[in-house]
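Enquirer: I have a structure here, written as structure tokens, and I will follow up with some questions on it.
The values are calculated or read from the model by the stated rules, or taken from the named source; none is laboratory data. Please read all numbers here as calculations on a predicted model, not as lab measurements. A quick note on method: Cβ atoms are made from the backbone with ideal geometry, for glycine too, and the neighbour counts reach across all protein chains shown.
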Amino acid sequence: MSKLIITLIFAVICLQPLHASAARTESDSKNSIVSFMNLSKFTKVTPKSQKFEVSGRIILLPTCPLIYSNTGPEQCAPKGLHTQLVVKDQKNRAVQKFNSDRIGYFITKLPVGKYTITTTDLHKYPFAKPISFEVKADQKNYLTVRVYSVIQ
């Protein structure tokens, strides 16, 4: 009898912080005995302040004239663009500005949420449009941002 009381006291003390993770069945409720749930069934809660990696590349298209070109396809391949990028939230507020490297790659960290990204050099690239994306927890977040130029 004393072992049962000590066990119940120990269970109540240990379960106190996990009160949301304990379940009662109908028969358990009558006897006030707490049963444990399988901990693998719990969903992971991600704090809004936690940031996740977002990486990608910004490329300039097209790189050859559209009408006439005596260059091969290797010379007309998309080229990485070194530029400043801006990330905006759903309320169109700038949340981050950063530069891509000399061949267009970038990496940053953002909290889970929906965003848009574009270049800040809109005077150079007037056809650049914002790209919508979503940062998800524990997933690879890779973007390819295409900027279209005018070839003269």
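Enquirer: Quick one: how many residues across the range 105-131 are at positive phi and more than 20 Å from the chain's Cα centre (by Cα)?
Expert: The qualifying residues number 0.
For every residue, the table says whether it meets (1) modelled with pLDDT of 95 or more; (2) in contact with a strand residue (DSSP E or B) (Cβ under 7 Å, 6 or more places away or on another chain); (3) small (Gly, Ala, Ser).
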{"position": "Val87", "(1), (2), (3)": "yes, yes, no"}
{"position": "Arg93", "(1), (2), (3)": "yes, no, no"}
{"position": "Lys97", "(1), (2), (3)": "yes, yes, no"}
{"position": "Phe106", "(1), (2), (3)": "yes, yes, no"}
{"position": "Tyr115", "(1), (2), (3)": "yes, yes, no"}
{"position": "Thr118", "(1), (2), (3)": "no, yes, no"}
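Enquirer: Suppose the filter is surrounded by 13 or more Cβ atoms within 10 Å (Cβ to Cβ) and farther than 18 Å from Ala77 by Cα; does Tyr115 pass it? Even if it seems obvious, please write down each step before you answer.
Expert: On the way: surrounded by 13 or more Cβ atoms within 10 Å (Cβ to Cβ): yes; farther than 18 Å from Ala77 by Cα: yes.
Yes, satisfied.
Enquirer: Could you tell me which residue of the range 120-141 is modelled with the lowest pLDDT, considering only residues that are surrounded by 12 or more Cβ atoms within 10 Å (Cβ to Cβ) and among the aromatic types (Phe, Trp, Tyr)?
Expert: The selected residue is Tyr125.
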